[in-house]
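Please read the structure below before turning to the comments.
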Amino acid sequence: MTRLFDYWRSSASYRVRMALNLLEEPFELIPVDLLKAEQTGAENLARNPQGLVPTLEIDGLTLTQSLAIIEYLNDTRNAGFLPHDPAGRARVRALSYAIAMEIHPVCNLRVGRHAEAASGGAITMQDWQQKFIGEGLAALEAMLNHPATGRFCHGDRVTMADLCLVPQVYNAQRWGVDVTSLSQIRRIVAELQAIPAIAAAHPDKVKP
């Protein structure tokens, strides 16, 4: 049985839930409560030494890091999350990394909390999130002004970039980031959220 250890609001976990749903891959969802610091407990550290989520148990393997998991699913299930051509793969990875390696790490709650505490409250969590999510999504909007953008981030098939985008926009909405000027992003996310497999992975649908 495929098992996904996740936290309902984790962006990285959200990406993997969508990927599994799109593949119609049955899986058991096992919550790891980040607010209770369960991610740093011995049980979670045994399967994920970084003390993070998600962890996916599949095909007799224990996989961590959401983008590595998505690429594994792509390679073993012919998922199409990455295009076949090298130029397309590079572009999808660049869009994915712009979110998962640039916006997400800076806006991780532990980073925001440290900034708030270290500044003595001069920087609030909301200020921090709005600044870096807002700047990051604005850059992504410019990257999407490209002939290869189609119905979705790259062409007309859901790719890894789309799986990164949906959770990041969810976080933007949570923190009150103004996305009204990001017309490409808003259009693409609306298209994606209309797909039942993606809608079913929404945090509100899986909240314990």
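Using a 1.4 Å probe over the heavy atoms of the protein chains, calculate the carbon and sulfur portion of the accessible area of the stretch 1-66 as a whole percent. So the carbon and sulfur contribution to the accessible surface is 50 percent.
The candidate values were (i) 18.0; (ii) 18.8; (iii) 17.5; the one computed from these coordinates for Kirkwood radius over Cα pairs in Å carries the label (iii). Computed over protein heavy atoms with a 1.4 Å probe, the accessible surface of the chain works out to 48 Å² per residue.
Rounded to the nearest whole Hz, the Karplus-based 3J(HN,Hα) values (6.51 cos²θ - 1.76 cosθ + 1.60, θ = phi - 60°) of the stretch 42-52 follow the sequence 4, 5, 6, 5, 5, 9, 9, x, 6, x, 10, with x at glycine and proline. For residue 175, no residue whose modelled amide H falls within less than 5 Å of its own remains once neighbours fewer than 5 places apart on the same chain are excluded.
Stokes-Einstein diffusion of the stretch 1-54 at 10 °C, 1.306 mPa s viscosity, Kirkwood radius from Cα pairs, rounded to a whole number: 140 µm²/s. Sequence-ordered 3J(HN,Hα) estimates for the stretch 90-106 from the Karplus curve with 6.51, -1.76 and 1.60 and θ = phi - 60° stand at 5, 5, 5, 5, 4, 5, 5, 5, 4, 8, 6, 10, 10, 7, 4, x, 5 Hz, glycine and proline given as x. What separates the Cα centres of the stretch 100-141 and the stretch 182-196 is a distance of 23 Å. Share of carbon and sulfur in the accessible area of the stretch 121-208 stands at 54%, probe radius 1.4 Å.
Using the Cβ of residue 54 as centre and a radius below 9 Å, the other residues enclosed give a net charge of +1, where K and R count +1 and D and E count -1. The stretch 9-34 and the stretch 142-170 have Cα centres lying 19 Å from one another. For residue 55, nonlocal amide neighbours, meaning residues 5 or more places apart or on other chains whose placed amide H falls under 5 Å from its own, are 5.
Both radii were evaluated on the Cα set of the stretch 16-97; the Rg over Rh quotient, with Rh as the Kirkwood radius, amounts to 1.02.
Fully extending the segment from residue 113 to residue 184 would add 22.5 nm, taking 0.36 nm per residue of separation and subtracting the current Cα-Cα distance.
The values are calculated or read from the model by the stated rules, or taken from the named source; none is laboratory data. For clarity, every value in this text was computed on a predicted model and none was experimentally measured. Backbone-built Cβ (ideal geometry, glycine too); neighbour counts: all protein chains shown. Heads up: the accessible areas ignore ligands, DNA and RNA and are worked out on the full protein's heavy atoms, side chains in. Shrake-Rupley method; radii C 1.70, N 1.55, O 1.52, S 1.80 Å.
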